[in-house]
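Engineer: Sharing a structure below in C-alpha cells format, with a few things to ask.
The numbers here are math on the coordinates, done by the rules we state, and not lab data. Predicted, not measured: the structure shown is a model, and the values here were computed from it. No Cβ is skipped: glycine too gets one built from the backbone with ideal geometry, and neighbour counts run over all protein chains shown.
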Amino acid sequence: MTEVRLDGATVTVPVDGSPGGRARTILGPVDLVLTQSRVTVIGANGSGKSTLLRLLNGLVTPTSGTVSVDGLDTVRHGARVRRRVAFAFTDPISQLVMPTGREDVELSLRRLHRSRTQRRVAAEQVLERFGMVRHADQSVYDLSGGERQLMALAAVLATEPGLLVLDEPTTLLDRRNTLRLRALLDSLPQSVVLATHDLDLALAADRSLVVDEGRVVFDGEPAAAVEHYIGLTDAP
Ligand SMILES: Nc1ncnc2c1ncn2[C@@H]1O[C@H](COP(=O)(O)OP(=O)(O)O)[C@@H](O)[C@H]1O
Ligand SMILES: [Mg+2]
C-alpha cells in the first residue's frame, strides 16, 4: 500500500504583470495522509483538483510545505517518486507520445528492461493484460476515445507503479467506456487517487476529498462528500 503524505503543502503562482511579483495561492495549505486503496477528489472547475493530484507525483512541487510518497520527498526524489506514481491525464493523446501503442508501452518499459527482446516480450504481455494486442500497431490517432484511454493506461501501468493518479479519466468517455474504465479500475492492484465530476464514480471509493477554492473542505466517507459538494454547489 502506497502512503502519500502532504504536510502544509501550498502552491502559489505569480500574478501576471503585478508590480512587486505578487502571488496567488491556488492550493493549500493541505495536510493529508492517504493510505486508502481508492480515494476520489471532487470539486468545482478551478477549485484546485488537478493541482492537488499533480503534487502527488511531483508534476507540481509545493511552494511551501512538503509532499512525500512512501517517505520519498517529491522534490528531492522526483524521479523515484514518479516510478512509484503513475499519472493519467484526462486526454490520453497528451500521454501517448509514440506513433503506436506498442511503441509507447515499450518506451515505458525501457528502464525496466534494457534488452530490446525482453522489452518486446514484456510489452506484449502488458498489451495482452489490457486486451489491447489487436490495437497495438494501429496509429494512436486511429484509436477510438475508449481504446486510446485504455492504451494510455496500459502504458503508464506497464511498470507496475504502486499508485495510479487519474485526472478526470471519464470526462471524454461515453457511458459504455466509462463503465469499462470503472471495471478496469476495480480490477487493478494499484492504489488509485482520482479526480472526477462523475459523482457515481466518486462514490466508488474508500475515502473522498472535496476541494473548494484551493482548500480541502471535506474529507471522509464518499456519500457524505458528495452531499457536501452538492451543498456547496446549490448554496445561493
Ligand atoms: N501554473 C498555473 N499558473 C497559474 N494559475 C494556475 C496554474 N495552475 C492552475 N492555476 C489556477 O489554479 C486554479 C486551480 O486550478 P486546477 O488545479 O487546474 O483546478 P481544477 O482541476 O479543480 O479545475 C485555477 O484558477 C487555475 O486557473
Ligand atoms: Mg482539473
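Engineer: Taking the Cα centre as origin and putting +1 on Lys and Arg beta-carbons and -1 on Asp and Glu beta-carbons, what dipole magnitude results for segment 182-223, to the nearest 20 debye?
Structural biologist: 120
Engineer: In whole Å, what is the distance between the alpha-carbon centres of segment 65-108 and segment 190-207?
Structural biologist: Segment 65-108 and segment 190-207 have Cα centres separated by 20 Å.
Engineer: Now for a separate question. Considering only the chain, what is the antiparallel percent among its DSSP beta bridges, to the nearest 5?
Structural biologist: So the antiparallel bridges amount to about 55 percent of the total.
Engineer: Give me the compactness ratio for segment 159-236, meaning the Cα radius of gyration over 2.2 N^0.38 Å.
Structural biologist: Rounded to two decimals, the normalised Rg is 1.16.
Engineer: Strictly greater than 26 Å: what percent of every Cα pair in the chain meets that?
Structural biologist: 40
Engineer: With charges only on Cβ, +1 for K and R and -1 for D and E, what is the dipole size of the chain about its Cα centre, in debye, rounded to 20?
Structural biologist: The calculation lands at about 1000 debye.
Engineer: Which residue, Val97, Val126, Val13, tops the fluctuation ranking in a GNM of the chain built on C-alpha contacts under 10 Å?
Structural biologist: Comparing Val97, Val126, Val13 in a Gaussian network model of the chain, the most mobile one is Val13.
Engineer: Short version: ³J(HN,Hα) in whole Hz for each residue of segment 129-137, in order, from phi by Karplus 6.51 cos²θ - 1.76 cosθ + 1.60 (θ = phi - 60°), x for Gly and Pro, what are they?
Structural biologist: Ordered by residue, 3J(HN,Hα) equals 4, 9, x, 10, 4, 6, 9, 5, 10 Hz.
Engineer: With +1 on each Lys and Arg Cβ and -1 on each Asp and Glu Cβ, and nothing else charged, work out how big the dipole of segment 25-144 is about its Cα centre, in Debye to the nearest 20.
Structural biologist: 440
Engineer: For segment 108-123, just list the computed ³J(HN,Hα) in residue order, Karplus coefficients 6.51, -1.76 and 1.60, θ = phi - 60°, integers in Hz, with x standing in for Gly and Pro.
Structural biologist: 4, 8, 5, 7, 6, 10, 6, 7, 4, 5, 4, 5, 4, 5, 5, 5
Engineer: Here is a follow-up. Given a cut-off of under 8 Å on Cα pairs at least six residues apart, what relative contact order in percent is computed for the chain?
Structural biologist: Averaging sequence separation for qualifying contacts and normalising by length gives 27 percent for the chain.
Engineer: Okay, moving on. Can you give the helix-only mean residue ellipticity at 222 nm for the chain, where every DSSP H stretch with n ≥ 4 adds -39500 (n - 2.57) and the sum goes over all residues, rounded to the nearest 500 deg cm²/dmol?
Structural biologist: -10000 deg cm²/dmol
Engineer: Also: Sort 172-179, 157-164 by packing, meaning the average of other beta carbons within 10 Å per residue, with the highest value first.
Structural biologist: The most tightly packed comes first, giving 157-164, 172-179.
Engineer: Choose one of Ile26, Leu112, Gln36: the residue whose Cα lies farthest towards the positive end of the charge dipole of the chain (beta-carbon charges +1 Lys, Arg; -1 Asp, Glu; about the Cα centre).
Structural biologist: The listed residue farthest towards the positive side: Leu112.
Engineer: Could you run the Karplus curve 6.51 cos²θ - 1.76 cosθ + 1.60 with θ = phi - 60° over segment 73-88 and give me ³J(HN,Hα) per residue in whole Hz, x for Gly and Pro?
Structural biologist: Once rounded to whole Hz, the list reads 5, 5, 8, 6, 10, x, 5, 5, 4, 5, 6, 8, 10, 8, 10, 10.
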